[in-house]
1. Using only the alpha-carbon atoms, how far is helix 15-26 inclined from the longest principal axis of the chain? Give it as 0 to 90 degrees, nearest 10.
2. Using just the helices of the chain, give the 222 nm mean residue ellipticity in deg cm²/dmol: DSSP H runs with n ≥ 4 each add -39,500 (n - 2.57), and the total is spread over all residues, rounded to 500.
3. Long-range amide H contacts for residue 186: which residues qualify at under 5 Å (H placed 1.01 Å from N, peptide plane, sequence gap of 5 or more or a different chain)?
4. With a 10 Å cut-off between alpha carbons and a GNM built on the chain, which of 95, 121, 110 moves the most?
5. Using all C-alpha to C-alpha distances in the stretch 48-124, build P(r) with 5 Å bins and read off the rounded percent in each one.
6. With the Cα gyration tensor of the stretch 5-45 giving a ≥ b ≥ c as the square roots of its eigenvalues, does the rule (a/c under 1.5 for rounded; else a/b larger than b/c for prolate; else oblate) give rounded, prolate or oblate?
7. So what are the stretch 94-228's ellipsoid semi-axes, whole angstrom, largest first, if each one is the square root of 5 times an eigenvalue of the alpha-carbon gyration tensor?
8. Around residue 231, under 15 Å between beta carbons, what's the net of Lys plus Arg minus Asp minus Glu among the other residues?
Amino acid sequence: MFTDKIIFITGAANGIGRAAALAFAARGGTVIAADINASDLAETINMGAAAGGKLVGKQLDVSDFAEVSTVIEEIVREYGRIDVAVNNAGIGGVMARLGDVRPEDWDQMMAINTSGVFYCMRQQLRQMAAQAGGGAIVNVASVAGLRALPNSAPYVAAKHAVIGLTKTAAREYARKGIRVNALCPGFTVTGLFDPEAVDAHSAGASDQLRSLIPLGRFADVSEQIGALLWLASSEASFVTGMSMVVDGGLSA
């Protein structure tokens, strides 16, 4: 499905990013996997290589525009293009009511989850607009980008912003052959969402969250990947500006 495609993924050391990197590589893509966490990123690369995939690791802090620019320039210099970009890097942040959010926690959230996506998109769009055939961008947002999530105001605001960036870029770059979509996962067990950590903050909170989901459980990372691959593939050639929700019916 992605044979001979050059795929750039941020936040590839764990969770959805790691699963995406391995899935694209298993389908023939050449994956440039980026993350600030060098040791976990190396594990991703080793896992992909053991399965026969083509993966290259790049240590990257997406909140640093100069680093983002340098990494994307390196990719283009080596491979000539970027066909698919998955902007997945992000943090979960500190759980607190809005009035108790520390300004430094807000600033960190915006730097990584919003500015990081903007920095990557800016450089990806410029490259895809200059190359033949355009490309596809998938931003990993969240169901929290479409609705409230108490005690997570910075995260909610950041993910709403990602969806806004997605929609705007989709309208601006459609005629350049570039599709831009967002994946909006519901509660998915990853390093960012650990039911035990939720319960440590508030006893029984994970069960309360689970009870809100019509399917009655949290998602596994693998359950987000099919939607992500589809959005990035030619099978979604007439899909752009979409926020695809994969949340077990939570937002229905």
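The values are calculated or read from the model by the stated rules, or taken from the named source; none is laboratory data. The structure presented is a predicted model; accordingly, all values stated were derived computationally and were not measured. Methodologically, a virtual Cβ is constructed for each residue, glycine included, from the backbone with ideal geometry; neighbour enumeration extends over all protein chains shown. Just the protein is used for accessible areas: all its heavy atoms, side chains included, with ligands, DNA and RNA removed. Shrake-Rupley method; radii C 1.70, N 1.55, O 1.52, S 1.80 Å.
1. 30 degrees
2. Numbers: 9 runs with 109 residues, N = 252.
After summing the helix terms and dividing by the residues of the chain, the value is -13500 deg cm²/dmol.
3. 143, 246, 247
4. Looking only at 95, 121, 110, the biggest GNM fluctuation is shown by 95.
5. For the stretch 48-124, the pair-distance distribution reads 3, 13, 20, 19, 15, 12, 8, 5, 3, 1.
6. Values: a/c = 2.02, a/b = 1.74, b/c = 1.16.
Because a/c hits 1.5 or more and a/b exceeds b/c, the stretch 5-45 counts as prolate.
7. Values: eigenvalues 190, 67, 24 Å².
Each semi-axis is the square root of five times an eigenvalue, giving 31, 18, 11 Å.
8. Values: positive: 5, 27, 167, 179; negative: 83, 223, 235.
Combined, the nearby Lys, Arg, Asp and Glu give +1.
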